[in-house]
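Peer 1: Shown below is the structure under consideration.
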Amino acid sequence: MSQIPFRVIDGAGNRNEQLRDEQVLIVSAQHDDTLAFQQLYDHYRDRIYNVIYYSLDDRQQAEDVFQSVFVKVFESLSGFRFESSFLTWMYRITLNECKNRKRRPQLFVPISKIREGLEEPDPGPGPEDLHASGQRSRLVRRAVMNLKPKYRSVIILKYIEEMSYEKIAETLDCSPGTVASRLSRALEILGTRLFLLK
């Protein structure tokens, strides 16, 4: 199969062309066209990895889950029926894999973590360090990671993936009103936690 490029979206016409291109690739991949699957993988891998990384906050686990997500996508592709967008379908698989990984007890501690502990003792940041942008980013990310999964998911999908309320609702299988309510509560919790860190 010749390579079908994803077109840049600059209007409704191009959006429709992009969706048609995606559908052609999906159908081809469902018929064991590895090049078509590779194109889908190349197009979506960064977005899927971001969701995993921000859900787990651990690079090694994120890489493991990333691999398992695309194995599941590949194995389940024949069952995709275009009832939702392909990306929404992949987000559902991704979030489920992240939930499953969090439920699993950690059976080993990576050697890199042990070395970190031995070589780089962290006495904790002083008040002056909290205002440095790098430190602040880490604090915000840690606060997001400590949210309950239902709140963390809406934050990631809204602010990292920049999805609309409707798309988030479709991905999480709930109403846009529920999304708005969870987002409001998540921001309230984050605001309180970050205020206490000042």
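Each value in this text was obtained by applying a stated rule to the coordinates, not by laboratory testing. Everything numeric here is computed off the predicted structure, so don't read it as measured data. Because the Cβ atoms are built from the backbone with ideal geometry, glycine has one as well, and the counts that use them run over all protein chains shown.
Peer 1: For Leu172, Leu194, which order do you get if you count the other beta carbons within 10 Å of each Cβ and list the fewest first?
Peer 2: On the way: Leu172 19, Leu194 14.
In order of increasing Cβ crowding within 10 Å: Leu194, Leu172.
Peer 1: Please find the FRET efficiency linking Ile93 to Arg45, where r is the Cβ-Cβ separation and R0 is fixed at 22 Å, and quote it to the nearest 0.05. Working shown, then result.
Peer 2: On the way: r = 13 Å, r/R0 = 0.61.
With R0 = 22 Å, the Cβ-Cβ based efficiency is 0.95.
Peer 1: Note the full-extension length gain between Leu19 and Cys174 as 0.36 nm times their separation in residues minus their Cα-Cα distance, in nm to one decimal.
Peer 2: On the way: separation 155, 0.36 × 155 = 55.80 nm, distance 2.41 nm.
Extra length from Leu19 to Cys174 when fully extended: 53.4 nm.
Peer 1: Less than 10 Å Cβ to Cβ from Val144, Lys/Arg counted +1 and Asp/Glu -1: what total charge do the surrounding residues give? If you can, show how the numbers build up before the last one.
Peer 2: Working: positive: Arg141, Arg142, Arg152, Arg193; negative: Asp57.
Around Val144, the charge tally is +3.
Peer 1: Scan around Phe80 for amide H atoms under 5 Å from its own, H built in the peptide plane at 1.01 Å from N, and keep only partners 5 or more places away or cross-chain.
Peer 2: So Phe80 has HN proximity to no qualifying residue.
Peer 1: Grab the other residues whose beta carbon is less than 10 angstrom from that of Pro176, score K and R as +1, D and E as -1, and report the net. Can you show the working numbers first?
Peer 2: Numbers: positive: Lys167; negative: Glu166, Glu170.
Summing Lys and Arg as +1 and Asp and Glu as -1 gives -1.
Peer 1: Same structure again: Counting Lys +1, Arg +1, Asp -1, Glu -1, what net charge surrounds Ser28 among other residues with beta carbon under 14 Å of its beta carbon? Could you put the intermediate results ahead of the total?
Peer 2: On the way: positive: Arg20; negative: Asp21, Glu22, Asp32, Asp33.
Net local charge, Ser28 excluded: -3.
Peer 1: Same structure, new question: Compare the peptides 75-82, 38-45, 148-155, 89-96 by average per-residue count of other Cβ atoms within 10 angstrom and give them in order, highest first.
Peer 2: Sorting 75-82, 38-45, 148-155, 89-96 by mean packing, highest first, produces 89-96, 148-155, 38-45, 75-82.
Peer 1: List residues of region 34-60, by number, whose backbone nitrogen lies under 15 Å from a label position 7 Å along Cα→C-beta of Val140.
Peer 2: 54
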